[in-house]
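The numbers here are math on the coordinates, done by the rules we state, and not lab data. Because the structure is predicted, anything quoted here is derived from the model rather than measured. Every residue, glycine as well, gets a Cβ built from its backbone with ideal geometry; the counts of neighbours run over all protein chains shown.
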Amino acid sequence: MFTWVVKLGRKFAVLGALALLGALLCATMIRFAPGYGVDERELDSRLSQESRDAIRSEYGTAETLPHYYRRYVSGLLRGDLGASVFLQRPVVQLIRERSPLTARTVGFGLLAAWIGSSILGLLAIRFPNAMLNYSAMALTGFLIALPAAVIALLFVFWRAPVFLGIALVTFPKLYRYQHNLLAQAHSQPFVFAARTRGVSENRILFRHVIPLVWAPVLALTGVSASMAFGAAIPLEALSDSPGMGQLAWQAALNRDLPLLTSITLCVTLLTVAVNFLADAIGQRKSS
Amino acid sequence: MIQRVFRGVSWSILAIVFAFALFAEGFTHYPYARQFRELPNAAPSTVHLLGTDDLGRDLFTRVVYGTRVSLLLAPAAALLATAIASILGGLAGLRGGRLESSILAFTDLLMSLPLFFLLIALRAFLPLDISPLLSVVATFVTLGLLGWPSSLRVVCAASRNLRQSEHMLLARATGYSNAQLLFRQVIPNLRPIFLAQFWISIPLFILTEATLSMLGLGVMEPLPSWGNLLRGCEDFGAMSANPWRLIPLLLLVITVICFQLILHSTEEPA
């Protein structure tokens, strides 16, 4: 138990270091992006030189690099992620407004994808049937071959909820991974041994095969969260759903780097935390 | 047997589509950006095989040249990703110890990041009004630079196995340096793995480019790609009236499925 707590503490220390590294990377991207510190108000010929200098000083273009990083990181520690250039609003406020919708969409989407892929995976292993296997392969193959943006457009056309789109993007990859793991475990010699001793197929599956694969399947939680957040961008953007994905897309189109890098940093920390947590639970169970 | 049939059909379709992309000039004599302003939204005819788009550009020509952009540059990006994965993964597996742990930790971190967020963040770093040619290069170089982590894990595992083999011990005893071991022993021996990883990356990059371009963050107009040709799908009315405009989508789906079938049949020999 103590070792596990130490390991967990170490993981969260790594997460803290990553947050700092990510923040510095974001600050660097913003600082060195082409057009940093340029404001279209400067083109107004009615403004005096003093006014132009005042506008430039708002961006801090004259400050040294270490001072800029210090200002950025201390702002982050106070919960100040800067202001959006094109929406002219604090980034924290925008994230606070948009994140509940994305959290709901991604959460329900992941839940639907996990339930669907697990049921189909278990059915394909429990009732081995060429027809079922080929149908599942064809369905997942077709879904993998569709770009997420096309799925988004289909959902706009059908007026279906966005979370189902996220489920549809994540489901095929989850199914294939789970099915491969289950099939590998199901072909182990102990399964044949159990079968020859008269153990029922349900008991073999639920008492022997699933406990063997559940740790690697759990490790997939973080990756699936990352896939779902990635899919949220085209789905929310094209379905006009006002979440973080749509905000990131708008920020990219308007080259609003303070907003875009802050969203990326938040989503990154979230997915890395989910990954670490899944990893820690897996280690705890296996130890 | 079925696997072999699938593989044969997939190879044939891919060969046709690649020929279509490589010899685009032989299939159409119009430039892809030429506008027939008197013929916007024209129906298919002998002059314009798939009709024209809302700007009067020949759709067949745009599909042919779009296929070239998507299908020739995705392998280039896959090559870049595989090269990064082979050098870093090979080195990590070969050296082991802290170097391996650091490279794998960095890889795990990149794998857990949402690729799409990183892609649009890097893409937004560049101005949006860059030339179409530069947008193609930027899109595929970004894909190549960010698409290597999953391949690296596979390469590293294989290279680690190789590290303990007898011929590597012999090479070490002969006085090979680490660089010589990597480039003369590890990389040549892992060629089938690189090929598989390269093959896996191509459809992934084709799909990512399509989504990026549909969102206006990939290949820029007037240069066509499968992705920006699919932007027309947003107009449902025009799509249902002119279903042949879905041909780029059909081509994309068929190509990706062919790549999957070839991979699947290689994994499970008949």
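What the table below lists for this structure:
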| item | result |
| --- | --- |
| Helix axis angle, A:49-59 relative to chain A longest principal axis, alpha carbon, degrees | 20 |
| Exercise: per-residue mean of other protein chain Cβ atoms within 10 Å, A:154-167 | 1 |
| Computed label-point distance, nm, for sites B:ALA241 and A:TYR69 using a 7 Å Cα→Cβ extension | 5.8 |
| With Cα atoms, 0 to 90° folded angle of helix B:247-267 axis to chain B main axis | 20 |
| Label-point separation in nm, B:ARG160 to B:VAL5, each point 7 Å along Cα→Cβ | 4.2 |
| Degrees, to the nearest 10: A:65-77 long Cα axis against longest axis of chain A | 60 |
| Selection from B:TRP226, B:LEU252, B:SER131, by position along the positive dipole direction of the protein assembly as shown (Cβ) | B:LEU252 |
| Furthest towards positive pole of dipole, B:LEU261, A:PRO211, B:ALA24, structure part the protein assembly as shown, Cβ charges | A:PRO211 |
| Sites B:ALA43 and B:GLU221, calculated FRET efficiency, Cβ-Cβ separation with R0 25 Å, nearest 0.05 | 0.65 |
| Which of A:ASP240, B:ASP53 has the fewest Cβ neighbours within 10 Å, and the rest in rising order | A:ASP240, B:ASP53 |
| For segment B:1-153: rounded, prolate or oblate by the Cα gyration tensor [a/c cutoff 1.5] | oblate |
| A:LEU139-B:ARG191 FRET efficiency (beta carbon distance; Förster radius 41 Å; 0.05 resolution) | 0.75 |
| Segment A:LEU154-A:GLN184, length gained on full extension (0.36 nm per residue, minus Cα span) | 7.3 nm |
| Helix-only CD estimate at 222 nm, as mean residue ellipticity for chain A, using -39500 (n - 2.57) per DSSP H run (n ≥ 4) | -26500 deg cm²/dmol |
| Label point at A:GLU97 placed 7 Å out along Cα→Cβ; residues across segment A:253-281 whose backbone nitrogen lies under 20 Å | A:253-267 |
| Cα centroid separation, segment A:80-121 to segment B:210-270 (Å) | 27 |
| Computed lengthening from A:LEU25 to A:SER118, 0.36 nm per intervening residue step minus Cα-Cα distance | 29.7 nm |
| Peptide B:206-214, shielding by other chains (average Cβ, 10 Å cutoff) | 5 |
| Taking A:SER45, B:SER112, B:SER86 and counting other C-beta atoms within 10 Å, the order from fewest to most | A:SER45, B:SER112, B:SER86 |
| Choice from A:ALA138, A:ALA54, A:ALA83 showing the highest fluctuation, given a GNM over chain A with Cα pairs closer than 10 Å | A:ALA54 |
| A:PHE155, A:PHE12, B:PHE117 arranged by Cβ crowding within 10 Å, fewest neighbours leading | A:PHE12, A:PHE155, B:PHE117 |
| Separation of the A:ALA219 and A:PHE86 label points, Cα + 7 Å toward Cβ, nm | 4.0 |
| Dipole moment magnitude, nearest 20 debye, the protein assembly as shown about Cα centre, only Lys, Arg, Asp, Glu C-beta charged | 2100 |
